[in-house]
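Working notes, structure below.
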Amino acid sequence: MSLPQFKLLRPRTLDEALGFLTKHGSNLGILAGGTDLIPSMQQKLFEPECVLDIRRIAELKGIRERQGSGVEIGALTTLTTIEQSVLLRRRYPVLTEAAATVASPILRNMGTIGGNICLDTRCLWYNQSLTWRKACGFCIKKDGDLCHVAPGGTKCWAAFSGDTPPALLCLNAEVEIVGPSVVRRVRLREFYTGLGDAYRKLQPNELLTRVFLPEATADYRGVYRKLRIRGSIDYPLAGVAVALKRSNGHVTDARVALTAVNPAPTLVKGVTETLTGKVLNEELAEAVGNLAAKTAKPLTTSALTPEYRREMIRVFTKRALLAAASN
Ligand SMILES: Cc1cc2nc3c(=O)[nH]c(=O)nc-3n(C[C@H](O)[C@H](O)[C@H](O)COP(=O)(O)OP(=O)(O)OC[C@H]3O[C@@H](n4cnc5c(N)ncnc54)[C@H](O)[C@@H]3O)c2cc1C
Ligand code: SF4
């Protein structure tokens, strides 16, 4: 599949990039690793006039420990760098586990944490060629006015399918967003809208520049479990991240977050209340598994059935919690 015509812009600094965003904002695609943007452009899901290649902006790369206040990760840091970081593996293991499951080694060498957070939502009816989508009469997410997944509705339910955001939600991470005149820092849980077709709160002239992992969630035990068809490469069809802190065998804090089963990565409510002060056992892990299964609202957006995906959320949550409590 060929790429549409576009003008390539290659800034070397953040200021230069913001200048391009201000000038071309609404009709521009941001290219980090390009592992999702380029296939989307080939499928004509996205046909921007300009592509802003931010890969040469050195200040957006790297992992930095901030004395006493957690860790900062540049948006252009690759998933391989995150997966192999000794610092992150020791202090924020749920993130390195999740990063290690994204796609394949080659795609992780290219793909960035910023791109993974900003990843477009996915749907069986949307991530297809132009010919395929045309034959189906298109859909609300692009060029059409009906939803094949929830006919009669007006909402798009495409599923958010990035692996690292649920891990970042468990860690209470924040992201820095930079625009021409404003720098904002938002909690990741406030970055997503819950709408499949307008899934993130990012203006056309803004860039995600950094991710902040707070000191408060450092050293939590962490586990990530993922359901996919081919273990070597595929996107998640259900994913569960767990972060857990214990003292003398008793849980003092716990979080569970899901991916690929809702239009946004989602924290499961009631986990801390259910587990705090208790010694984690099968029964409690199962109770949290039930909470997670209720939070998951999978629809027919992917190759596996919603029922199976919801059930696997229940099973993975239980297993991930027990694994986090045993390591
Ligand atoms: C075969 C295949 C399998 C895959 N499997 C997985 C998987 O298992 N799990 C998974 O999570 N992903 C998967 N992916 C998707 C992708 O490889 C990863 O999500 C990757 O992290 C995307 O990062 P990137 O830097 O390549 O993003 P890009 O493709 O460059 O960008 C992705 C989106 O984010 C925007 N963007 C990127 N950086 C910024 C920024 N700093 N500020 C604002 N917007 C930005 C882009 O404009 C675009 O909309 C897969 C892709 C392929 C092709
Ligand atoms: S959920 Fe509906 S509107 Fe959204 S991409 Fe799928 S078919 Fe299209």
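Check Arg189, Arg185 and return the single one that is surrounded by fewer than 24 Cβ atoms within 10 Å (Cβ to Cβ) and without any contact (Cβ under 8 Å) to a residue 60 or more places away in the chain.
Numbers: Arg189 fails: without any contact (Cβ under 8 Å) to a residue 60 or more places away in the chain.
The conditions single out Arg185.
Would a scan of the stretch 16-28 turn up a residue that is within 22 Å of Lys134 (Cα to Cα) and in contact with a strand residue (DSSP E or B) (Cβ under 8 Å, 6 or more places away or on another chain)? Quick ask: steps written out before the conclusion?
If we filter the stretch 16-28 for residues that are within 22 Å of Lys134 (Cα to Cα), which is where we start, we get none.
Taking every residue of the stretch 16-28 in turn, none turns out to be within 22 Å of Lys134 (Cα to Cα) and in contact with a strand residue (DSSP E or B) (Cβ under 8 Å, 6 or more places away or on another chain).
The rows are residues; the columns are (1) modelled with pLDDT of 95 or more; (2) of a type outside the set (Gly, Ala, Ser); (3) under 23 Å from Thr295 (Cα atoms).
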| residue | (1), (2), (3) |
| --- | --- |
| Gly70 | yes, no, no |
| Ile82 | yes, yes, no |
| Ser85 | yes, no, no |
| Val94 | yes, yes, yes |
| Ala103 | yes, no, no |
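Any residue that is within 15 Å of ligand 1 (Cβ to nearest atom), under 14 Å from the mean Cα position of the chain (by Cα) and crowded, with 17+ Cβ neighbours inside 10 Å - is there at least one of those in the stretch 138-158? Talk me through it step by step, then tell me what you get.
To start, the set of residues in the stretch 138-158 that are within 15 Å of ligand 1 (Cβ to nearest atom) comprises 141-142, 158.
From what is left, the residues that are under 14 Å from the mean Cα position of the chain (by Cα) are 158.
Narrowing further to those that are crowded, with 17+ Cβ neighbours inside 10 Å: 158.
Yes, there is a match, as at least one residue in the stretch 138-158 is within 15 Å of ligand 1 (Cβ to nearest atom), under 14 Å from the mean Cα position of the chain (by Cα) and crowded, with 17+ Cβ neighbours inside 10 Å.
Looking at the structure I just gave you, is Thr300 of a type in the set (S, T, N, Q), free of Cβ contacts under 8 Å to residues at least 60 places away in the same chain and more than 15 Å from Ala254 (Cα to Cα)? Spell out how you get there, then give the answer.
Working: of a type in the set (S, T, N, Q): yes; free of Cβ contacts under 8 Å to residues at least 60 places away in the same chain: no; more than 15 Å from Ala254 (Cα to Cα): yes.
Against the criterion (of a type in the set (S, T, N, Q), free of Cβ contacts under 8 Å to residues at least 60 places away in the same chain and more than 15 Å from Ala254 (Cα to Cα)), Thr300 does not qualify.
Here are some residues: Glu59, Glu47. Which one is assigned to a loop (DSSP other than H, G, I, E, B), more than 11 Å from ligand 1 (Cβ to nearest atom) and either surrounded by fewer than 16 Cβ atoms within 10 Å (Cβ to Cβ) or modelled with pLDDT under 95 (or both)? Reasoning before the result, please.
On the way: Glu59 fails: assigned to a loop (DSSP other than H, G, I, E, B).
Sole residue among the options that is assigned to a loop (DSSP other than H, G, I, E, B), more than 11 Å from ligand 1 (Cβ to nearest atom) and either surrounded by fewer than 16 Cβ atoms within 10 Å (Cβ to Cβ) or modelled with pLDDT under 95 (or both): Glu47.
Taking strands (runs of 3 or more DSSP E) that fall entirely within the stretch 160-260, which contain at least 3 residues that are within 25 Å of Tyr308 (Cα to Cα) and either more than 11 Å from ligand 1 (Cβ to nearest atom) or out of contact with any Ser or Thr (no Cβ under 7 Å at 6 or more places or on another chain) (or both)? Steps first, answer last, please.
Values: elements: 174-178, 183-187, 207-213, 221-227, 238-247, 250-259.
Strands (runs of 3 or more DSSP E) meeting the threshold: 221-227, 238-247, 250-259.
Find all pairs meeting these conditions: Cβ atoms under 6 angstrom apart; at least six residues apart or on different chains; first residue within the stretch 198-222 and polar (S, T, N, Q); second residue surrounded by 18 or more Cβ atoms within 10 Å (Cβ to Cβ) and assigned to a loop (DSSP other than H, G, I, E, B).
Going by the 6 Å Cβ cut-off, the qualifying pairs are Thr209/Ala75; Thr217/Leu171; Thr217/Asn172.
What residue, of Arg64, Arg90, Arg12, is more than 14 Å from ligand 1 (Cβ to nearest atom), out of contact with any Cys (no Cβ under 8 Å at 6 or more places or on another chain) and in a strand (DSSP E or B)?
On the way: Arg90 fails: in a strand (DSSP E or B); Arg12 fails: in a strand (DSSP E or B).
Exactly one residue qualifies, and that residue is Arg64.
For a quick check of your reading of the model, give me the residue pairs whose first member lies in the stretch 138-149 and is over 18 Å from Leu299 (Cα atoms), whose second is more than 7 Å from ligand 2 (Cβ to nearest atom) and among the aliphatic types (A, V, I, L, M), with beta-carbon atoms closer than 8 Å and at least 6 apart or on different chains.
Lys142/Leu45
Kindly evaluate Pro298 against the criterion of being within 16 Å of ligand 1 (Cβ to nearest atom) and crowded, with 20+ Cβ neighbours inside 10 Å. Show your work before the answer.
Working: within 16 Å of ligand 1 (Cβ to nearest atom): no; crowded, with 20+ Cβ neighbours inside 10 Å: yes.
Considered against the rule, which asks whether it is within 16 Å of ligand 1 (Cβ to nearest atom) and crowded, with 20+ Cβ neighbours inside 10 Å, Pro298 comes out as no.
In the set Glu190, Glu174, which member is under 15 Å from the mean Cα position of the chain (by Cα) and either farther than 26 Å from Ile140 by Cβ or of a type in the set (Phe, Trp, Tyr) (or both)?
Details: Glu190 fails: either farther than 26 Å from Ile140 by Cβ or of a type in the set (Phe, Trp, Tyr) (or both).
Step by step, each of Glu190, Glu174 is checked, and only Glu174 is under 15 Å from the mean Cα position of the chain (by Cα) and either farther than 26 Å from Ile140 by Cβ or of a type in the set (Phe, Trp, Tyr) (or both).
The values are calculated or read from the model by the stated rules, or taken from the named source; none is laboratory data. Please read these numbers as outputs of a predicted model, since none were measured by experiment. Don't worry about glycine lacking a Cβ; one is built from the backbone with ideal geometry, like all the others, and counts go over all protein chains shown.
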